[in-house]
1. Only residues that are over 22 Å from the mean Cα position of the chain (by Cα), over 17 Å from S225 (Cβ atoms) and either of a type in the set (S, T, Y) or not in a loop (DSSP other than H, G, I, E, B) (or both): list them for the stretch 156-179, please.
2. I'm told A126 meets every condition in (1) loosely packed, with under 14 Cβ neighbours inside 10 Å; (2) free of Cβ contacts under 8 Å to residues at least 40 places away in the same chain except one. Can you identify the failing condition by its number?
3. Out of the residues in the stretch 22-43 that are surrounded by fewer than 19 Cβ atoms within 10 Å (Cβ to Cβ) and closer than 23 Å to D60 by Cβ, which is modelled with the lowest pLDDT?
4. What number of residues within the stretch 69-101 satisfy the criterion of being touching a helix residue (DSSP H, G or I) at 6+ places or on another chain (Cβ under 8 Å), of a type in the set (A, V, I, L, M) and surrounded by 13 or more Cβ atoms within 10 Å (Cβ to Cβ)?
5. Suppose we filter P197, P117 for residues that are in the same structural domain as G66 (by TED's automatic domain parsing), within 22 Å of the chain's Cα centre (by Cα) and modelled with pLDDT of 95 or more; which single one remains?
6. Based on this model, can you work out whether T105 counts as assigned to a helix (DSSP H, G or I) and open to solvent by less than 60 Å² (accessible area, probe 1.4 Å)?
7. Collect the residues in the stretch 11-52 that are in a loop (DSSP other than H, G, I, E, B) and either near the ligand (Cβ under 10 Å from one of its atoms) or among the aromatic types (F, W, Y) (or both), keeping them in residue-number order.
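The values are calculated or read from the model by the stated rules, or taken from the named source; none is laboratory data. These numbers come from a predicted model, not from an experiment. With ideal geometry, Cβ positions are generated from the backbone for all residues, glycine too; neighbour counts draw on all protein chains shown. In case anyone asks, the SASA skips ligands and DNA or RNA and just uses the protein heavy atoms, side chains included. Shrake-Rupley method; radii C 1.70, N 1.55, O 1.52, S 1.80 Å.
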Amino acid sequence: ANGGTTLTGAVDPLRELGELCRAEDVWLHVDGAYGLPAAATEAGAPLFDGLELADSLTLDAHKWMGIQKGCSVVLVGRAGSLESSFGHEESYIRREEVPNAVERTLEYSRPFRSLKPWLAFRVHGAAALRRWIEHTIALAHELARRVDTAPDFELLCEPTLSTVCVRHVATGAADLDSHNLDLAAAVQEDGRVYLAPALVDGQACLRLCFVNFRTRFEDLDLVLSTLRELAAR
Ligand SMILES: Cc1ncc(COP(=O)(O)O)c(C=O)c1O
């Protein structure tokens with residue numbers, strides 16, 4: 001199930017899917033690589049209702065939690081699930097009272113990735129991380145509101161999390177798809193703002209995803225003025 005799609009941040013109805021999977025004895029995995037941190041916030045929690053029914057979750061702490069790449073996290077609901085998939089016998093691997101980490105993944109030699117989120121929680125605390133994530137959700141909703149009331153922009157869908165898909169509606173542009181793809185390339189070349197081109201329901205658009213807590217509300221003015229300036233060239 002989707003716990004925040006890359007394109008729009010959409011979250012599947014997790015309770016409904018969870019109940020179905022339990023009834024049918026199907027493993028439910030929720031891909032929360034981008035969106036899962038929102039489950040811990042007041043604004044995002046209702047979208048993740050039923051999350052506890054998932055058998056496993058993924059989360060990329062290097063996306064919305066601001067941890068350095070790469071720091072992907074897998075959480076499983078039942079202790080021992082990973083060992084029953086990845087566990088194996090090698091006579092040279094020590095098995096003592098502490099389980100050996102090689103029983104849980106495909107990797108043998110690996111970096112100490114979990115140190116990074118552990119330090120972030122110790123240094124900043126969970127409340128600060130939640131506040132930062134809520135701030136970026138608020139930025140996305142504010143940008144969507146501004147876009148929705150601007151005559152030269154079109155909002156392709158209401159933001160669910162912190163992703164906003166918009167089109168610049170140029171007067172006189174014969175082909176809005178190529179206009180927006182060209183504009184996305186110009187924004188990347190320009191470098192003041194970063195966004196990506198995307199397709200929503202077959203329509204080319206500009207995809208803005210707020211994951212940096214340092215982005216400020218006043219930066220939204222820069223986003224729209226930069227887009228207008230580059231579109232006019
Ligand atoms: C929802 C979602 N799932 C999975 C991925 C891929 O994650 P990874 O780069 O850790 O393989 C991404 C983006 O990169 C994503 O947004």
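1. So in the stretch 156-179, the residues over 22 Å from the mean Cα position of the chain (by Cα) come out as 168-179.
Checking the rest, the ones that are also over 17 Å from S225 (Cβ atoms) come to 171-179.
Residues satisfying the conditions are T171, L176, D177, S178, H179.
2. Answer for A126: the failing condition is (2).
3. Kept after step one, since they are surrounded by fewer than 19 Cβ atoms within 10 Å (Cβ to Cβ), are these residues of the stretch 22-43: 22-27, 29, 40, 42-43.
Adding the requirement that they be closer than 23 Å to D60 by Cβ leaves 27, 29, 40, 42-43.
Numbers: W27: 98, H29: 98, A40: 96, E42: 94, A43: 91.
Ranking the candidates gives A43 first.
4. The number of residues fulfilling the criteria is 4.
5. Details: P197 fails: in the same structural domain as G66 (by TED's automatic domain parsing).
So the residue among P197, P117 that is in the same structural domain as G66 (by TED's automatic domain parsing), within 22 Å of the chain's Cα centre (by Cα) and modelled with pLDDT of 95 or more is P117.
6. On the way: assigned to a helix (DSSP H, G or I): no; open to solvent by less than 60 Å² (accessible area, probe 1.4 Å): yes.
Judged against the criteria, T105 is not a match.
7. Going through the stretch 11-52, the residues in a loop (DSSP other than H, G, I, E, B) turn out to be 12-13, 25-28, 32-35, 41-44, 49-50.
The answer is W27, G32, A33, Y34, G35.
Table: residues versus (1) open to solvent by less than 10 Å² (accessible area, probe 1.4 Å); (2) touching a residue at least 60 places away in the same chain (Cβ under 8 Å); (3) of a type in the set (A, V, I, L, M).
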| site | (1), (2), (3) |
| --- | --- |
| P117 | no, no, no |
| A120 | no, no, yes |
| H141 | no, no, no |
| T149 | no, no, no |
| E158 | no, no, no |
| H179 | no, no, no |
| E189 | no, no, no |
| F217 | no, yes, no |
